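Participant: Could you have a look at this structure, given as C-alpha cells, before my questions?
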Amino acid sequence: MKWVAVGDYDDLSRVAARIMLDALAANPLLVLGLPTGRTPEGMYARLVTECASDYRCFRDVVTFNLDEYVGIAGDHPGSYSSYMRQHLVDHVDIDPQSIHIPDGLATRFRDRASTFDEALEMECDDYERSIREEGPIDLLYLGLGRNGHIGFNEPGTPFDSKTHVIQLSESTRNANAAHFPDGDVPQRAITMGIGTILAARRVILLASGEPKREAVRRLHKERENTDFPASVLRGHPEVMVICDQETV
Ligand code: GLP
C-alpha cells in the first residue's frame, strides 16, 4: 500500500484527478470504478474543468459506480445517480450507455421476481455480471467511511463478497443524512462487494479532513480484519492512499 500525504483538500483533488487523466491519456478505453460522497467532489470538479479543454477524454470509458441506495429512484436528489449527474456525467462526454450505477429500485427485475428483495438480488447479480463482462475495472477510486467502510461495505462484510444489498449502520445513515432533508434516509443500499473491489487492477483511496483521522490511523495500523473493511486493501498489490494533513 502506497501512502501519499498531500497538503490540503485542493491538493488531494488535484492529485486524484491527475492520476485519472493520465490513466485516460494512456488508455482511452479505461474501465473506471467511481465513488460518491463529499471527498471526491473536488476531484470531479477538476476533471470537469480539465476535460472542458480536452473534451474527448471520457468518450470511450466505461464506468461502474460503487453503490446506490435501495428504495429511491435514480432521479431522487439524494441518489448517487443524481450525484453523478451533478458532479460529472452531465459535464463530460461520457456515453450514457457506458455509465453503470446499481438501480436501487431494481426496476428491470420487478416483473420477474416474486418479492422486491428477490428483484434486488437479481439486480445485484446482473451488476456483478456486467462488471465481469466489461471489466476488469482498471482504476477504482474509494472514499473512506468513518467506520472503515468502503463502498457501502459495513464492518463485518466478508472479504469475498460480491455486489449485494447491505443494511446501513446508524453512523453511516447519520453521515449521509444531509442529502435527505425530509429525514427519510434509506435503510439499505446496493454495493459492490469487497471481493468485487479487490478484483480492480488499481485502487486509489481518498481520505480528507479531521473526521477521517481515526479511520486513517486504523488503516495505517491494523492488519486485515472484517471489523474494519478498508484494512482488506493491505492485501491488494496496487493500492494508493491519498490523504491530506488534517487526517494525519
Ligand atoms: C458513503 C459512500 C462511500 C463513501 C463514504 C464517505 O457512505 N457510499 O462510498 O466513501 O460515504 O463519504 P464522504 O466522502 O462524504 O465522507
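Participant: Which of the peptides 235-241, 152-158 is most tightly packed, and how do the rest follow, going by the mean number of other Cβ atoms within 10 Å of each residue? Please report the intermediate quantities before stating the final value.
Facilitator: Details: 235-241: 15.6, 152-158: 19.9.
Taking the mean over residues of other Cβ atoms within 10 Å, the ranking is 152-158, 235-241.
Participant: Compare the peptides 175-186, 199-210 by average per-residue count of other Cβ atoms within 10 angstrom and give them in order, highest first.
Facilitator: So the order, starting with the most tightly packed, is 199-210, 175-186.
Participant: Once the principal axes of the Cα atoms of region 95-216 are found, what is the range along each, listed largest first in whole angstroms?
Facilitator: Answer, in whole Å and largest first: 46, 38, 31 Å.
Participant: Something else: Projected area of region 170-209, taken from the Cα convex hull and averaged over every viewing direction, in nm²?
Facilitator: If you wrap the Cα atoms of region 170-209 in a convex hull and average its projections, you get 4.1 nm².
Participant: Order the peptides 66-77, 113-124 from the highest to the lowest mean number of other Cβ atoms within 10 Å of their residues.
Facilitator: Listed from highest to lowest mean packing, they are 66-77, 113-124.
Participant: Long-range amide H contacts for I137: which residues qualify at under 5 Å (H placed 1.01 Å from N, peptide plane, sequence gap of 5 or more or a different chain)?
Facilitator: Result for I137 returns R201.
Participant: With point charges of +1 on the Cβ of Lys and Arg and -1 on the Cβ of Asp and Glu, referenced to the Cα centre of the chain, which listed residue (Q187, G145, F64) lies farthest in the positive direction of the dipole?
Facilitator: About the Cα centre, the residue reaching furthest to the positive side is G145.
Participant: How fast does region 1-155 diffuse by Stokes-Einstein, in µm²/s, taking the Kirkwood radius from C-alpha pairs at 4 °C and 1.567 mPa s?
Facilitator: Result for D is 78 µm²/s.
Participant: Using just the helices of the chain, give the 222 nm mean residue ellipticity in deg cm²/dmol: DSSP H runs with n ≥ 4 each add -39,500 (n - 2.57), and the total is spread over all residues, rounded to 500.
Facilitator: Taken over the chain, the calculation gives -9000 deg cm²/dmol.
Participant: Also, quick follow-up: If you take every DSSP beta bridge fully contained in the chain, what fraction is antiparallel? Give it as a percent rounded to 5.
Facilitator: Of all bridge pairs located within the chain, approximately 30 percent are antiparallel.
Participant: May I ask which residue of A177, A106, A25 lies farthest towards the positive end of the charge dipole of the chain, with charges of +1 (Lys, Arg) and -1 (Asp, Glu) on Cβ and the Cα centre as origin?
Facilitator: A25
Participant: Considering only C-alpha atoms, what is the centroid distance from region 135-204 to region 1-19, in Å?
Facilitator: About 21 Å separates the Cα centre of region 135-204 from the one of region 1-19.
Participant: I've got another one for you. Explain nothing, just the number: dipole magnitude of region 131-248 about its Cα centre with +1 on each Lys and Arg Cβ and -1 on each Asp and Glu Cβ, in debye rounded to the nearest 20.
Facilitator: Here the size comes out at about 300 debye.
Participant: Right, another one. Hydropathy first: keep DSSP H helices in the chain averaging at least -1.0 on Kyte-Doolittle, then drop any whose Cα extent along the axis falls short of 20 Å, and list what survives.
Facilitator: 9-26
Participant: Note down the magnitude of the dipole of region 4-161 about its Cα centre, charges +1 on Lys and Arg C-beta and -1 on Asp and Glu C-beta and zero elsewhere, to the nearest 20 debye.
Facilitator: On the way: 13 positive and 28 negative charges, 74 e Å.
Computed charge dipole of region 4-161: roughly 360 debye.
Laboratory data are not the source of any read-out in this text; all were calculated from the coordinates shown. Only a predicted model underlies this, so the values are computations on that prediction, with no experimental measurement involved. Ideal geometry is used to build each Cβ from the backbone, glycine not excepted, and the neighbour counts take in all protein chains shown.
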